[in-house]
Amino acid sequence: MPDPRVMAATAAWVSMASDKEPTVIKKYANRRLYHTGTSSYVTLEDLAGLVRNGEDFVVYDAKSGDDITRSVLAQIIFEEESKDGQNLLPIAFLRQLIRFYGDSMQALVPRYLEFSMDNLTKDQNQFREQMGKAFGGGTFGTGAIDALQAQTRANMTMFTEAFRLFNPFAAAAAAKARSETPSAQGENGELGDLKRELSEMRERLDRLAKDK
C-alpha cells in the first residue's frame, strides 16, 4: 500500500501547485518545447504527465508570443488517442463534434462539455465504485452504461435550466408572451411575470440538484 505520508505530501504539493501561476512552456520553430520552470526541454508526454499531476501550464509560441495552449493540448489528446487501448473519444462523438463547427449550437458546446466533465470529475469516486461492480468479470456491464446515460441526461437537463435561468432574453421573452394573454393582466404586470419565471426556474434547479 502507498505510504500515507507520501500521499499526504503529494496532495499538499498538488494543492500548492494549483495556487501558483501556470508554468510557462515555450514552443520553438523546431517544435521543441521548453519548460521555463525547470529550464529544460520537454515532450508532449511530459506535458501530459503535468496535466495528470494537476499542474497547470500555458504554452506560447516563442517567436510570435501567441498563446497556443489549446493546439498543444489537442496534440496531446491526438497522441494519447493513437496509443493502443487509450481511446476515450468514440468515433460517433468525433463526427458529431465536427458537425457542431459552424452550427448555431457551436457556442454552447464548450460550456456543456465543461459542465459535464466537471460533474463527472466531482462524482468520479461514485462512478469508479459503480464501474467496479459493473465490470465484475471484466466486461462492461449494463449497470455502468445506465449510470452514465442517467448522468448525461441529468447534466443536459441541469445545463438547459441553468442556461434559461441566466439568459435574460429567454426569460424576458417568456414573460412578455404571458403578459400578452388576458389571464396575465394583473397589478404586477410584466415585472411580476418575470419574477415568477425566475422563481420557477430556481425551484426547478433546486429540485434537480436535490434529485441528483
* Structure fact -> The summed charge of the residue 28 Cβ neighbourhood (under 10 Å; Lys/Arg +1, Asp/Glu -1) stands at +4
* Say a paramagnetic label sat at a point 7 Å from the Cα of residue 29, along Cα to Cβ; which residues of the stretch 62-92 have their backbone N under 13 Å from it? -> 62-64
* Asked: Counting other Cβ atoms within 10 Å of each Cβ, which chymotrypsin sites (Phe, Trp or Tyr not before Pro) in the stretch 32-130 have at most 15 and sit in a DSSP loop?
  -> 101
* Asked: If amide H atoms are built 1.01 Å from N in the plane of the peptide, which residues on other chains or at least 5 residues away come under 5 Å of the amide H of residue 23?
  -> 56, 57, 58
* To do: Roll a 1.4 angstrom probe over the protein heavy atoms and tell me the percent of accessible area of the stretch 90-131 that is carbon or sulfur.
  => 59
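Multiply the residue separation of residue 196 and residue 89 by 0.36 nm, subtract the distance between their alpha-carbon atoms, and state the gained length in nm to one decimal.
Answer, rounded to one decimal: 34.4 nm.
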* Asked: With every protein chain present, what accessible area does residue 99 have (1.4 Å probe, heavy atoms only), rounded to the nearest 10 Å²?
  -> 150
* Starting from the Cα-Cα distance between residue 121 and residue 64, subtract it from 0.36 nm times their residue separation and give me the gain in nm to one decimal. => 17.0 nm
* Just grab the label-to-label distance for residue 77 and residue 53, each label 7 Å out from Cα along the Cβ direction, in nm (one decimal). => 2.4
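The values are calculated or read from the model by the stated rules, or taken from the named source; none is laboratory data. What you see is a predicted model, and the numbers here were worked out from it, not measured in a lab. Cβ: placed from backbone, ideal geometry, glycine included. Neighbour counts: every protein chain shown. Remember, those area values only see protein heavy atoms, side chains included, never the ligands or the DNA or RNA. Shrake-Rupley method; radii C 1.70, N 1.55, O 1.52, S 1.80 Å.
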